[in-house]
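Presented below is the structure to which this report refers.
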There are 2 protein chains.
Amino acid sequence: MKLISRDTDYAVRALSRIARNGNKISSVSNLAKETAVPRPFLRKILQTLNKKGVVNSSKGRGGGFVLARGADKIYLVELINIFQGPIKLNQCLFKKKICHEVASCVLKSKMDALEKNMISELKSITIAVLI
Amino acid sequence: MKLISRDTDYAVRALSRIARNGNKISSVSNLAKETAVPRPFLRKILQTLNKKGVVNSSKGRGGGFVLARGADKIYLVELINIFQGPIKLNQCLFKKKICHEVASCVLKSKMDALEKNMISELKSITIAVLI
DNA sequence: ACAAAATGATACCAATATGGTATCTTTTAC
DNA sequence: GTAAAAGATACCATATTGGTATCATTTTGT
């Protein structure tokens, strides 16, 4: 059971690099080298990050990516959301209404509490913290 | 992103039922009806729970399953471990030693802390709590 | 003007995990 | 001895994950 998928992991690495490169535009080719992530995969990841407004891109020769906002405004929890969907610790029980038992309800409320806690903890992790 | 897979979910439901049935032996057929879980799948789940020492089984006519210990000694975190493997929030970064950057190390320690916290919270959830 | 270097969009693919079924054997109560 | 149960195991369909390939578009340097 893992919380962070490879996409998210790679996104974190790439964003950290971009942040460290500062105003200088970072190309996928360079980032791939710097982060040891397969280039075409990294490219896809950066494309989604662009669509989601986490980075800004510039096309053409000399193009690449820069952060769309301060590194202290990019939260790990947001990246998890983008690449792995919203954090729903008790999805099955909740989604299907099969289980009308008290059991699942108690579990649900317990898991909800745990979830809230986790999210708030995750919000304290930003790209800025990591560089 | 979800924390609890269907196996774990079903295991929780079944164990809650078994707990409520008390000393009375619970057969898969009955449990399947009571929990709205497909019978052959539930059977497989109970087999693993038996191997792992969470329930005890008796074969033959009138056979079935009982809890192997008190419901207050069966922790959700244990079930997650059985069906989904150990909780490793930052597996990728840690497993592959590719990433020698400071970035990943900070992330790792942050995630480790989060992980510990989560596990201790999960330990407070037992089958007994759910019935 | 034009070629090179970059991203955008998208389709595809292999491997693995997930959720579930089917079948046959073994044990035990009636 | 037969029916009802679990044990063992093999199988299967689908979804997800991790990654590749291809072609179009944009921009810069010469």
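The values are calculated or read from the model by the stated rules, or taken from the named source; none is laboratory data. Note that the structure is predicted; figures quoted are calculated from it, not measured. Ideal geometry is used to build each Cβ from the backbone, glycine not excepted, and the neighbour counts take in all protein chains shown.
Table for the structure above
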{"read-out": "So A:K73, is it touching a helix residue (DSSP H, G or I) at 6+ places or on another chain (Cβ under 9 Å), more than 13 Å from chain B (Cβ to nearest Cβ) and surrounded by 12 or more Cβ atoms within 10 Å (Cβ to Cβ)", "value": "yes"}
{"read-out": "Conditions (1) away from chain B (no Cβ under 14 Å); (2) within 25 Å of A:P86 (Cα to Cα); (3) out of contact with any strand residue (DSSP E or B) (no Cβ under 7 Å at 6 or more places or on another chain): number failed by A:V55", "value": "(3)"}
{"read-out": "The range B:1-35: number of residues that are under 18 Å from the mean Cα position of the chain (by Cα), in a loop (DSSP other than H, G, I, E, B) and either over 28 Å from A:K2 (Cβ atoms) or in contact (Cβ under 8 Å) with a residue 60 or more places away in the chain (or both)", "value": "3"}
{"read-out": "Unique match (being among the small types (G, A, S), on the phi < 0 side of the Ramachandran plot and more than 12 Å from DNA strand C (Cβ to nearest atom)) among B:A32, B:A11, B:A68", "value": "B:A68"}
{"read-out": "Subset of the range A:1-23 that is among the basic types (K, R) and under 16 Å from A:V54 (Cα atoms) - its residue that is nearest to DNA strand D (Cβ to nearest atom)", "value": "A:R13"}
{"read-out": "Number of the exception - A:G60 against (1) crowded, with 22+ Cβ neighbours inside 10 Å; (2) within 11 Å of DNA strand C (Cβ to nearest atom)", "value": "(1)"}
{"read-out": "Selection status of B:I98, touching a helix residue (DSSP H, G or I) at 6+ places or on another chain (Cβ under 9 Å), modelled with pLDDT under 95 and of a type outside the set (G, A, S)", "value": "yes"}
{"read-out": "Count - residues of the range B:101-112 that are at pLDDT 80 or above and facing chain A (nearest Cβ under 7 Å)", "value": "1"}
{"read-out": "Residues satisfying the stated conditions in the range A:105-127, i.e. exposed (fewer than 15 other Cβ atoms within 10 Å of the Cβ) and more than 13 Å from B:M118 (Cα to Cα)", "value": "A:C105, A:S109, A:K123, A:S124"}
{"read-out": "Cross-chain or 6+ apart pairs with Cβ under 9 Å, the range B:113-131 first and more than 10 Å from chain A (Cβ to nearest Cβ), then of a type in the set (K, R)", "value": "B:T126/B:K73; B:A128/B:K73"}
{"read-out": "Residue among B:K2, B:K88 that alone is touching a helix residue (DSSP H, G or I) at 6+ places or on another chain (Cβ under 8 Å), charged (D, E, K, R) and over 23 Å from B:V129 (Cβ atoms)", "value": "B:K88"}
